[in-house]
Protein chains: 2
Amino acid sequence: MSSNRLIYLPLGGAGEIGMNAYVYGYGPEGKERLILVDLGVTFPNMDTTPGVDLIFPDVTWLEENAERLEAIFITHAHEDHVGGIGHLWNRLKVPVYARTFTANHARRKMEEHGAPEDEVITAAAYPEIIKAGPFKVSFLPLAHSIPESSGLVIDTPDGRIVHTGDFKLDETPVVGDAFDPDLWAEVAKPGVKVLVCDSTNVFSRHPGRSETSVAPEIKALVTGAKGMVVATTFASNIARLQTLAEAGIASGRSVCLLGRAMKRMITAGVETGVLTNFPSTITAEEAQQVPRENLMLIVTGSQGERRAASAGLSRGKYLGLSMKEGDLFLFSSKTIPGNERGVINIMNAYSEMGVDVVDDSTGHYHVSGHANGPDLQRAHEIFAPQMIIPMHGEHRHLREHVRLAENGGRAAVLAVNGTMVNLSGNKPKVAEYIETGRTYLDGSVQISALDGIIRDRIRMALNGHVVATVIIDEEDEPLGGAWIELMGLPKAGRSKAPLTDVLEEDLSQILNRMDDKTLRDDDKLEEAIRREIRRSANDEIGRKPEVTVVVSRLVG
Amino acid sequence: MSSNRLIYLPLGGAGEIGMNAYVYGYGPEGKERLILVDLGVTFPNMDTTPGVDLIFPDVTWLEENAERLEAIFITHAHEDHVGGIGHLWNRLKVPVYARTFTANHARRKMEEHGAPEDEVITAAAYPEIIKAGPFKVSFLPLAHSIPESSGLVIDTPDGRIVHTGDFKLDETPVVGDAFDPDLWAEVAKPGVKVLVCDSTNVFSRHPGRSETSVAPEIKALVTGAKGMVVATTFASNIARLQTLAEAGIASGRSVCLLGRAMKRMITAGVETGVLTNFPSTITAEEAQQVPRENLMLIVTGSQGERRAASAGLSRGKYLGLSMKEGDLFLFSSKTIPGNERGVINIMNAYSEMGVDVVDDSTGHYHVSGHANGPDLQRAHEIFAPQMIIPMHGEHRHLREHVRLAENGGRAAVLAVNGTMVNLSGNKPKVAEYIETGRTYLDGSVQISALDGIIRDRIRMALNGHVVATVIIDEEDEPLGGAWIELMGLPKAGRSKAPLTDVLEEDLSQILNRMDDKTLRDDDKLEEAIRREIRRSANDEIGRKPEVTVVVSRLVG
């Protein structure tokens, strides 16, 4: 027995959907050589991350161990797998491997953030092997909703790991590689030690449907429409974009793509040769000349994003185009939990225009890109691994997937972000817990989720903000009274007098009564003022605001 | 022909789900005598109404015409129909009519907000009539999910109006009145001029299921559970509370209600005699002594509300009770759009405890209290009105309901909040538009949605807040530099220097260069400072914050 060990350590994606980042290591304890699989992002929301632009996994641990890191492998070009590479590469500085289409995206992201493009290396698919320290890694083509999606076959001195990435068992996926059971059986043949497996759809109890199955429904809908048709889906769901565009063409419509992300995806697909038969499209300018019954727009904004094309059209003209009574809008997508209100607002805006809105509530116009419960079971059976580690899912998904694995008689472990698992024996064992978290891109600055900045924003939003300024003169006496500024608070409350007046009055009174010791000590003075404002405001408006106290001391 | 007219004017609930408030009027134009049906609330969210406590319809129009208002009628005791009565009664000051159980709630709300309880008058059900000016109003018992839910039969000199309130066609509703087709036929017999009809479930294509249909499924689930069972539903869904409690008793468990709102509902039901066979329950203290396999908790918080019992249990101990591995948590409810993240967070917290969570994704453990599309069609047919006005729904629901009505060959009109409809002729005609909106309860103050307070809070949450203080001396010269305070902003950006230092430095420079005219004019000075801070911050941290400028002028 060597003293080497094989480890797995999720830094993102295990305990959440999005922000994927998984570390594997092999070597003596604490000196394992490492590889990173995926480096994705997740998206902020008003409830917990107001004003934040983007969310990354915290890669501090990886940065501290950067000299042990051999390479980064990106499974596919979705933002939750590749979106962090440009922002974070400079903290890691190792080669990035991906297949052609994904590499194209990764290079653009590197370029956008001042990281060297040529560190992204295009990899061929299985059986081609990339050596990275003790690991031999191979990109296993599989079906998802974007071209060249891949699992990874990771051969280690301790045995074979299959890391699925995102996948579904689709033998007719419209674009990208099909599910190939024979290929999987070939990979499984030498024996798989660990299957690290996508969990997002584990609660879906029926086998997943093929992307091909939505084409006839969408075609019938688009053909039957009397006016203009506008359809939205994820910009990165290239399979669906193809299905939608084909439905447009088949019904005698010109197809126009609206939205930067979507056009970029299609351009990249054509440039890299993975998208060979995407219908030709027209520009927004050309579309203005086409009779609406002969026009189909495919637009960004399936999640109700305020800046996307779907929201733009719901507010009126967008790039010279607008919707009107008798047009049809199709959400060929599912709404991600948390985005419902935004999507519903758009639906109602279209309703006000007299536009008919069709969504996926009937199940006809969307299928998921992920494997459902029974599909996961089938994947377990094909790879027949010694142990299974569920990844990419919230806690409840990982837990259910562990249960599924154990019901199939296999060892499994629930490992959320920061859980280092030792894979060396016959069963996965939790080795230790690493401190992990989230990094926020806030404007142009990376901040930690823990440093209180966002907490302060949330408090201002919930409680309003009072700024109190007092001037203390050379003799440590208050000069004049206090100035109060309100932000996000009612102008007046119980007494009907202006709230600023009430607070200034109350504050002046306590300043006049204040002892010298407090007046000389900034901290004590601020605390006394803050307490008085909160008390007085609560009395007046029934709310204790956030308070910033500015003490300006005149120096003699 | 008289010159009198019959009008309908929704002030809330038409163009949204929640906040119901509908005005009817009869008389000469502009002098119609008025009644108000329902006075509900809706709930705030972080996206659009951070910090707000409760949302009411704006009753300004009604207040201005209060001398024409005869009475208020409350259809049932749900918050979106009765929740505003205590807060707003003092602006309207007319008698409030409701059936026993609803009146009990209304009185409590009046009392809580200093309005006179005895203005709430208990009304008997149809065929008993309440006269209110030119109107003869009668409470029509129907099925919903709370006892004594009622439609209103409103007889006017211009014909009969049926206002449905919330309803479903449930002949076995567990609690409350059953759907009674014969009674409806009797009401319809003299001829119905206008049906004003609930629209929330118009997109549901199958006939609704009876409340009774979930009982066996819930019973099987609860009986099969090994550990403690905790179930949640809306506190006001008394039918479901009864179903859940009966399932607990049937499986040999003691039942304990947790959550103030829920206990209050049950108490009111028992006190008013509408709830005669609710199983006996135990207190939280008593529950601590019961073996968990013999215990069922029914708790508030089906929407993931942070302060409710379900969220409390997900964080650990709640009133001495806690969940653990092997327990079962049932969401016997649907998640209202916008609440998904909160609910999912609780599910994951339970998953971490090893608690099995069951929700309504299978359709087994919840049915809606509202009429589905085919049920609405049946209601149209029974009442056979001359015209239909869809109410209680978002724009898309109202629009679809108009379509349904027109497909059935009846005149209909889409009237959102503020649309006054003339019902006097053979078809509904829009007469005019009244300015309507929302009133926010913010702490103890009622503010308007339009006055910018909440907009400022949202801006602080998205952009952070900078406070700049400058002191201008007796000669209109800056005294010292500027003080900067940050709230919700990164401590440092591009230059790595503290952001406060960078902003103070930049500000001092422009203050030194500033001409006398600007220094003498507060508005100009503030604007110049604000602009410089936004420019400098954008340079440093890629973000333009909200800025409050405090200019303190020393007076000689």
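The values are calculated or read from the model by the stated rules, or taken from the named source; none is laboratory data. Just so it is clear, the model here is predicted, and its values are computed rather than measured. In this analysis, Cβ positions are derived from the backbone assuming ideal geometry, glycine residues included, and neighbour counts consider all displayed protein chains.
Below, the figures for the structure above:
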{"quantity": "Where B:Ser322 falls short, out of the listed (1) touching a residue at least 12 places away in the same chain (Cβ under 8 Å); (2) over 17 Å from B:Ala245 (Cα atoms)", "calculated": "(1)"}
{"quantity": "Count of residues meeting criterion [more than 30 Å from A:Glu16 (Cα to Cα) and of a type in the set (A, V, I, L, M)] in region A:297-337", "calculated": "6"}
{"quantity": "Lone unmet requirement of (1) among the β-branched types (Val, Ile, Thr); (2) crowded, with 18+ Cβ neighbours inside 10 Å; (3) without any contact (Cβ under 8 Å) to a residue 12 or more places away in the chain for A:Val357", "calculated": "(3)"}
{"quantity": "Residues (within 25 Å of A:Arg108 (Cβ to Cβ) and surrounded by fewer than 21 Cβ atoms within 10 Å (Cβ to Cβ)) located in region A:243-265", "calculated": "A:Arg260, A:Ala261, A:Lys263, A:Arg264"}
{"quantity": "Number of positions in region A:443-454 that are touching a residue at least 40 places away in the same chain (Cβ under 8 Å), assigned to a loop (DSSP other than H, G, I, E, B) and facing chain B (nearest Cβ under 9 Å)", "calculated": "1"}
{"quantity": "B:Tyr440, sole failed condition from (1) surrounded by 20 or more Cβ atoms within 10 Å (Cβ to Cβ); (2) more than 14 Å from chain A (Cβ to nearest Cβ); (3) within 30 Å of A:Asp539 (Cβ to Cβ); (4) not β-branched (Val, Ile, Thr)", "calculated": "(2)"}
{"quantity": "Number of positions in region B:40-73 that are hydroxyl-bearing (Ser, Thr, Tyr), part of a loop (DSSP other than H, G, I, E, B) and more than 14 Å from chain A (Cβ to nearest Cβ)", "calculated": "0"}
{"quantity": "Residue count, region A:528-548 (criterion: out of contact with any Pro (no Cβ under 8 Å at 6 or more places or on another chain), surrounded by 14 or more Cβ atoms within 10 Å (Cβ to Cβ) and in a helix (DSSP H, G or I))", "calculated": "8"}
{"quantity": "Scope region A:455-471; condition touching a residue at least 40 places away in the same chain (Cβ under 8 Å) and either surrounded by fewer than 21 Cβ atoms within 10 Å (Cβ to Cβ) or within 7 Å of chain B (Cβ to nearest Cβ) (or both); matching residues", "calculated": "A:Asp456, A:Arg457, A:Ile458, A:Arg459, A:Met460, A:Ala461, A:Asn463, A:Gly464, A:His465, A:Val467, A:Thr469, A:Ile471"}
{"quantity": "The one condition in (1) within 20 Å of A:Thr469 (Cβ to Cβ); (2) within 14 Å of chain A (Cβ to nearest Cβ); (3) touching a helix residue (DSSP H, G or I) at 6+ places or on another chain (Cβ under 8 Å) that B:Lys544 fails to fulfil", "calculated": "(1)"}
{"quantity": "Those helices (runs of 4 or more DSSP H) lying entirely in region B:322-432 with at least 2 residues within 22 Å of the chain's Cα centre (by Cα) and within 14 Å of another protein chain (Cβ to nearest Cβ)", "calculated": "B:340-353, B:395-407"}
{"quantity": "In region A:102-145, the residues that are buried (at least 24 other Cβ atoms within 10 Å of the Cβ), in a helix (DSSP H, G or I) and among the small types (Gly, Ala, Ser)", "calculated": "A:Ala106"}
{"quantity": "Residue identified as at pLDDT below 95, farther than 21 Å from A:Asn20 by Cα and not aromatic (Phe, Trp, Tyr) among A:Gly480, A:Gly408", "calculated": "A:Gly480"}
{"quantity": "Counted residues, region B:193-237 - those being in a helix (DSSP H, G or I), buried (at least 17 other Cβ atoms within 10 Å of the Cβ) and under 29 Å from the mean Cα position of the chain (by Cα)", "calculated": "4"}
{"quantity": "Count - residues of region B:62-79 that are in contact with a helix residue (DSSP H, G or I) (Cβ under 8 Å, 6 or more places away or on another chain) and either in contact (Cβ under 8 Å) with a residue 60 or more places away in the chain or not assigned by TED's automatic domain parsing to the domain that holds B:Leu142 (or both)", "calculated": "3"}
{"quantity": "Unmet criterion (only one of (1) in contact with an Asp or Glu (Cβ under 7 Å, 6 or more places away or on another chain); (2) β-branched (Val, Ile, Thr); (3) assigned to a strand (DSSP E or B); (4) in the same structural domain as A:Ala415 (by TED's automatic domain parsing)) for A:Ile484", "calculated": "(4)"}
{"quantity": "Counted residues, region A:136-171 - those being farther than 17 Å from A:Leu39 by Cβ and aromatic (Phe, Trp, Tyr)", "calculated": "1"}
{"quantity": "Of residues in region A:52-83 being of a type in the set (Asp, Glu) and within 19 Å of the chain's Cα centre (by Cα), the one surrounded by the fewest Cβ atoms within 10 Å (Cβ to Cβ)", "calculated": "A:Asp53"}
{"quantity": "Search result, residues across region B:519-541 that are without any contact (Cβ under 8 Å) to a residue 12 or more places away in the chain and facing chain A (nearest Cβ under 9 Å)", "calculated": "B:Asn538"}
{"quantity": "Test result for B:Arg455, of a type in the set (Lys, Arg), modelled with pLDDT of 95 or more and closer than 30 Å to B:Ala14 by Cα", "calculated": "yes"}
{"quantity": "Failed item in (1) surrounded by 15 or more Cβ atoms within 10 Å (Cβ to Cβ); (2) in a helix (DSSP H, G or I); (3) touching a strand residue (DSSP E or B) at 6+ places or on another chain (Cβ under 8 Å), with A:Glu286 passing the rest", "calculated": "(1)"}
